[in-house]
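One structure below.
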Amino acid sequence: IDEIFGRECFLNEIIWAYDYGARATRRWPAKHDNILFYVRDPEHYHFDTSEVDRIPYLAPALVGAEKAERGKLPTDTWWHTIVSPNGREKTGYPTQKPRGILDRIVKVHSRPDDTLLDFFAGSGSFGESAAEHGRDCILIDSNPEAIEVMRRRFAARDVEWK
């Protein structure tokens, strides 16, 4: 990705940690995905911490009541369970990301009316998040299964489809 966008545009590696899935018995089970975050211009990009869903302190007594009530900003490691296999959000697409993760990215890293781009759209969760938060989104995927999942997902919504 550095070759495409340039190393100077790399901002963060976000670790999405979860607790569901494979149970390895001969090694530590893999329970995280890496999200590489690049910006178009490393000098000018949007990062709005007022839109971040704050998380509880692990030791609230150490920070005082006011800070404990407000919560803290997440770090580059985000704990969020996977999409529930039986949940409403589930599309059946194997690499679907949970809306909670994508909503945080959309709200913090873009403004209403921005246009977002997902080159590997899969089930379209990023586009759904963008639409729900007042952003336009261009979704691209070369997998016919992904295109069909997105087509079904957006059929019930008033979404322009090309």
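The values are calculated or read from the model by the stated rules, or taken from the named source; none is laboratory data. Note that the structure is a prediction, hence the values are computed from the model and not measured. Reconstructed Cβ throughout: ideal geometry from the backbone, glycine too, with neighbour counts over all protein chains shown. To get the accessible areas, we keep the full protein, side chains included, count just its heavy atoms, and leave off ligands, DNA and RNA. Shrake-Rupley method; radii C 1.70, N 1.55, O 1.52, S 1.80 Å.
Before moving on, here are some points about what is shown:
- A Förster radius of 35 Å combined with the Cβ-Cβ distance from Ala68 to Glu148 puts the calculated FRET efficiency at roughly 0.15.
- Rounded to the nearest 20 debye, dipole of region 1-117 from Cβ charges on Lys, Arg, Asp, Glu: 760
- Unit charges at the beta carbon, dipole of the chain: most positive-side option, Asn86, Leu102, Leu117: Asn86
- Residue (of Tyr18, Phe37, Leu73) at the positive-pole extreme of region 17-82, dipole from beta-carbon charges: Tyr18
- Taking the Cα centre of region 95-162 as origin and assigning +1 to Lys and Arg Cβ atoms and -1 to Asp and Glu Cβ atoms, the resulting dipole is close to 200 debye.
- Once the chain from Thr77 to Tyr20 is taken as fully extended at 0.36 nm per residue, the excess over their C-alpha distance is 18.9 nm.
- Helices in the chain, meaning DSSP H runs of at least 4 residues, each add -39500 (n - 2.57). Divided by all residues, the mean residue ellipticity at 222 nm is -7000 deg cm²/dmol.
- Cα centroid of region 3-37 to Cα centroid of region 114-143, whole Å: 20
- Potential extension, Val52-Phe5 segment - 0.36 nm per residue separation minus Cα distance: 14.4 nm
- With protein chains left intact and a 1.4 Å probe, residues in the chain average 70 Å² of accessible area per residue.
- For semi-axes √(5λ) of the Cα gyration tensor in Å, computed directly from the structure shown, the correct entry in [x] 27, 22, 18; [y] 38, 20, 15; [z] 30, 20, 20 is [x].
- Using a probe radius of 1.4 angstrom, the carbon and sulfur fraction of the accessible surface of region 25-99 is 53%.
- Region 50-162: relative contact order in percent, alpha carbon pairs under 8 Å with at least 6 residues between: 20
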